Amino acid sequence: MEFQLKLPTRVIAGAGSFSRLGEIASELRFRRAFLVADRGMEAAGYAARAAESMRARGIEVFSFHDFPESPDSSAAEVARDAAASIRADSIVGLGGGSSLDTAKAANFLLTGGGHMRDYRGYGKISGEMLPMIGVPTTAGTGSEAQSYCVISDADTHVKMACGAPGAAFRAAILDPLLLISAPRNVIAQAGYDAISHAVESFVTRRRTPLSQSFSREAWRLLDANYLRVLRDPADAVAQEGMQTGAFLAGLAIEHSMLGATHACANPLSANYGTAHGVAIAMLLEKVVRWNADARYAELHANLPLRLDELAHAAGLPRRLRDRNIVESDLPKLASEAAQQWTGTFNPRPFDAAGALEIYQWAY
Ligand SMILES: [Fe+2]
């Protein structure tokens with residue numbers, strides 16, 4: 001099998017590594033840094049700590065908090081305008097997936113102009129993107145390991161994956177102590193999303209022996225630590241396991257893409273505003289059963305049962321009916337799911353009929 005492996009992101013991990021942000025930014029020659037940090041990070045004082053760490057190295061820092069939990073193309077334009085107005089030469093994303101994806105999206109627009117939809121797919125940008133550092137504060141999307149951002153179109157609500165080599169962070173700081181203050185429902189949803197990344201990426205058509213080794217180890221770490229962090233978010237060892245697992249799952253996605261779970265989840269978020277991790281929780285176990293792929297057994301002897309146990313213990317919904325999804329909408333949702341790029345990588349050929357069957361099982 002032919003494949004390539006490129007790891008563009010330097011990883012600095014460990015409890016307390018957040019304090020090295022200024023040092024790393026200085027090494028990357030940041031001078032005017034645009035700090036994208038969600039409001040939670042601002043309230044918790046982490047944004048101020050990030051700014052202090054960089055200012056101590058003589059870097060000018062401009063903080064930006066004005067973006068929603070699920071960033072769309074207009075939020076990216078607001079971030080672009082703010083970064084352009086201060087002539088930023090570098091970007092730091094601090095927070096959950098929304099902070100990291102807003103940072104990347106602003107970088108596309110700053111570098112290449114135009115609209116986010118122009119960058120849908122991979123490599124649709126010319127010019128050197130600004131250097132970025134990612135500091136994730138949830139164990140979830142794995143955006144810190146990827147050269148893609150996921151941004152929804154403000155007009156159509158369709159989720160777009162936009163990727164380019166320059167959209168990978170130059171450095172990612174993985175400090176488990178940053179994960180501890182997240183609310184329980186955020187830990188539950190983000191962690192289940194990371195689990196789905198390990199599971200989906202393991203069997204995709206684009207998988208490689210190396211991407212599978214990332215998926216396998218991601219699953220091992222996430223499965224072992226998910227319930228531990230839900231029981232005790234202050235357990236830094238378990239948080240470190242989740243953080244490393246989410247990162248490895250993100251790395252797996254970078255090399256193998258995702259599958260039908262994400263294809264079916266996106267229309268629920270677009271039409272009902274269902275949080276990504278919640279949509280994933282209602283679908284993953286059904287997609288694993290629908291795919292009936294023998295390779296799953298390598299992760300767990302009874303993977304659907306295990307996934308159901310984890311979702312149940314995390315208090316996540318497992319049926320669409322529990323989230324006020326209207327049954328008569330399922331055919332429309334299924335035709336939208338069939339249009340999702342990510343579905344093309346699913347191991348079992350996936351189309352609208354398959355999506356409808358999955359939705360019906362999940363209803
Ligand atoms: Fe996801």
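The values are calculated or read from the model by the stated rules, or taken from the named source; none is laboratory data. Keep in mind that this is a model prediction, so the values were computed, not measured. All Cβ positions, even for glycine, are placed from backbone atoms using ideal geometry, and neighbour counts span all protein chains on display. Each accessible area value is taken on the protein alone, full model and side chains, heavy atoms only, with ligands, DNA and RNA left out. Shrake-Rupley method; radii C 1.70, N 1.55, O 1.52, S 1.80 Å.
Here is a list: L227, L222. Which entry is open to solvent by 10 Å² or more (accessible area, probe 1.4 Å) and either aliphatic (A, V, I, L, M) or under 22 Å from G163 (Cα atoms) (or both)?
Within the list L227, L222, the selection yields L227.
What is the one condition in (1) away from the ligand (no atom under 16 Å from the Cβ); (2) under 25 Å from D351 (Cα atoms); (3) of a type in the set (D, E, K, R) that E254 does not satisfy?
(1) is the only condition that E254 fails.
Which condition does G166 not pass, out of (1) open to solvent by 10 Å² or more (accessible area, probe 1.4 Å); (2) in a loop (DSSP other than H, G, I, E, B), if it passes all the others?
Every condition holds for G166 apart from (2).
For the stretch 14-33, check the following and say yes or no: at least one residue is among the small types (G, A, S), touching a residue at least 60 places away in the same chain (Cβ under 8 Å), surrounded by 22 or more Cβ atoms within 10 Å (Cβ to Cβ) and over 30 Å from H157 (Cα atoms).
Scanning the stretch 14-33, I find at least one residue that is among the small types (G, A, S), touching a residue at least 60 places away in the same chain (Cβ under 8 Å), surrounded by 22 or more Cβ atoms within 10 Å (Cβ to Cβ) and over 30 Å from H157 (Cα atoms), so the answer is yes.
Taking the criterion of being open to solvent by 10 Å² or more (accessible area, probe 1.4 Å) and more than 15 Å from the ligand (Cβ to nearest atom), would at least one residue in the stretch 190-206 satisfy it?
Yes, some residue in the stretch 190-206 is open to solvent by 10 Å² or more (accessible area, probe 1.4 Å) and more than 15 Å from the ligand (Cβ to nearest atom).
Scan the stretch 257-274 for residues that are within 11 Å of the ligand (Cβ to nearest atom) and more than 26 Å from R220 (Cβ to Cβ) and jot them down.
N266, S269
Can you find a residue in the stretch 54-68 that is in contact (Cβ under 8 Å) with a residue 40 or more places away in the chain and open to solvent by less than 20 Å² (accessible area, probe 1.4 Å)?
no
Could you list all residues from the stretch 332-352 that are assigned to a helix (DSSP H, G or I) and open to solvent by 70 Å² or more (accessible area, probe 1.4 Å)? I'd like the intermediate steps shown before the answer.
At the first step, the residues of the stretch 332-352 found to be assigned to a helix (DSSP H, G or I) are 332-338, 341-345, 352.
Hits for the stretch 332-352 are K332, W341, T344.
Return yes or no: is T261 farther than 18 Å from P347 by Cβ, in contact with a helix residue (DSSP H, G or I) (Cβ under 7 Å, 6 or more places away or on another chain) and either surrounded by 24 or more Cβ atoms within 10 Å (Cβ to Cβ) or not small (G, A, S) (or both)?
no
Under the condition of being in a loop (DSSP other than H, G, I, E, B) and exposed (fewer than 12 other Cβ atoms within 10 Å of the Cβ), which residue from the stretch 315-329 is modelled with the highest pLDDT?
G315
Give the number of residues within the stretch 169-189 that are buried (at least 21 other Cβ atoms within 10 Å of the Cβ) and touching a helix residue (DSSP H, G or I) at 6+ places or on another chain (Cβ under 7 Å).
Summing the residues that are buried (at least 21 other Cβ atoms within 10 Å of the Cβ) and touching a helix residue (DSSP H, G or I) at 6+ places or on another chain (Cβ under 7 Å) in the stretch 169-189 gives 12.
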